[in-house]
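Following: one structure in structure tokens, then a few remarks.
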Amino acid sequence: MPAKFKPTEKTLDRRTKQYTTEHFYLKQTPVAELLKSINGDYTKPKQKQKCRNELSRRGIKLVYRMEDGTEVPRTTQGLLDYARSLHNGSR
């Protein structure tokens, strides 16, 4: 079964007394909403990882934006290179 972005909702049409079910899968969630979820303060780490995996599946590369304005690739090697450049630049 595909990964969910949020739980399924059942809504009742009060005129016809019929329920409609709406599923929220990650594959149909817009990129803007996924990024908003990743950057949210109250999003759990498991949900953030699910969103990151979905973005990488779509071919979207994430970057860290540092305080000095530089952008670093979101990889371990990218962070190590950035840290080395800071350390070498201060001497």
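Just give me the residues in region 8-53 being of a type outside the set (D, E, K, R) and in contact with a helix residue (DSSP H, G or I) (Cβ under 6 Å, 6 or more places away or on another chain), in sequence order. If you could, list the steps in order and put the result at the bottom.
Filtering region 8-53 down to residues of a type outside the set (D, E, K, R) leaves 8, 11-12, 16, 18-21, 23-26, 28-32, 34-35, 37-40, 42-43, 45, 47, 49, 51, 53.
Hits for region 8-53 are Leu26, Leu34, Ser37, Ile38, Thr43, Cys51.
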Just one of (1) in a loop (DSSP other than H, G, I, E, B); (2) charged (D, E, K, R); (3) surrounded by 10 or more Cβ atoms within 10 Å (Cβ to Cβ) trips up Asp81, so point out which.
(1)
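Residue-wise test of (1) in a loop (DSSP other than H, G, I, E, B); (2) at pLDDT 95 or above; (3) among the aromatic types (Phe, Trp, Tyr).
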{"site": "Met1", "(1), (2), (3)": "yes, no, no"}
{"site": "Thr8", "(1), (2), (3)": "no, yes, no"}
{"site": "Thr11", "(1), (2), (3)": "no, yes, no"}
{"site": "Arg15", "(1), (2), (3)": "yes, yes, no"}
{"site": "Tyr19", "(1), (2), (3)": "no, yes, yes"}
{"site": "Ile38", "(1), (2), (3)": "no, no, no"}
What tally of residues in region 39-67 results from selecting those that are under 10 Å from the mean Cα position of the chain (by Cα) and farther than 21 Å from Lys6 by Cα?
1
By residue number, the members of region 54-78 that are surrounded by 13 or more Cβ atoms within 10 Å (Cβ to Cβ) and either outside any loop (DSSP other than H, G, I, E, B) or among the small types (Gly, Ala, Ser) (or both) are Glu54, Leu55, Tyr64, Val72, Pro73, Gly78
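Please work out which residue is surrounded by the fewest Cβ atoms within 10 Å (Cβ to Cβ), limiting yourself to region 1-20 and to residues that are over 19 Å from Glu54 (Cβ atoms) and in contact with a Ser or Thr (Cβ under 6 Å, 6 or more places away or on another chain). Please lay out each step first, then the result.
Start the filter on region 1-20 by keeping residues that are over 19 Å from Glu54 (Cβ atoms), which leaves 9-20.
Keeping just the survivors that are in contact with a Ser or Thr (Cβ under 6 Å, 6 or more places away or on another chain) gives 10-11, 20.
On the way: Lys10: 8, Thr11: 10, Thr20: 10.
So the residue we want is Lys10.
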Just checking, does region 72-81 include any residue being touching a helix residue (DSSP H, G or I) at 6+ places or on another chain (Cβ under 8 Å) and of a type in the set (S, T, N, Q)?
no
With the checklist (1) within 23 Å of the chain's Cα centre (by Cα); (2) surrounded by 10 or more Cβ atoms within 10 Å (Cβ to Cβ); (3) among the hydrophobic types (A, V, I, L, M, F, W, C) in hand, flag the one item Ala32 doesn't pass.
(2)
Restrict the check to region 16-35 and report whether at least one residue is free of Cβ contacts under 8 Å to residues at least 24 places away in the same chain, polar (S, T, N, Q) and within 16 Å of Lys4 (Cα to Cα).
yes
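The values are calculated or read from the model by the stated rules, or taken from the named source; none is laboratory data. This one's a predicted model, so the numbers in the text were calculated from it and none came from an experiment. In this analysis, Cβ positions are derived from the backbone assuming ideal geometry, glycine residues included, and neighbour counts consider all displayed protein chains.
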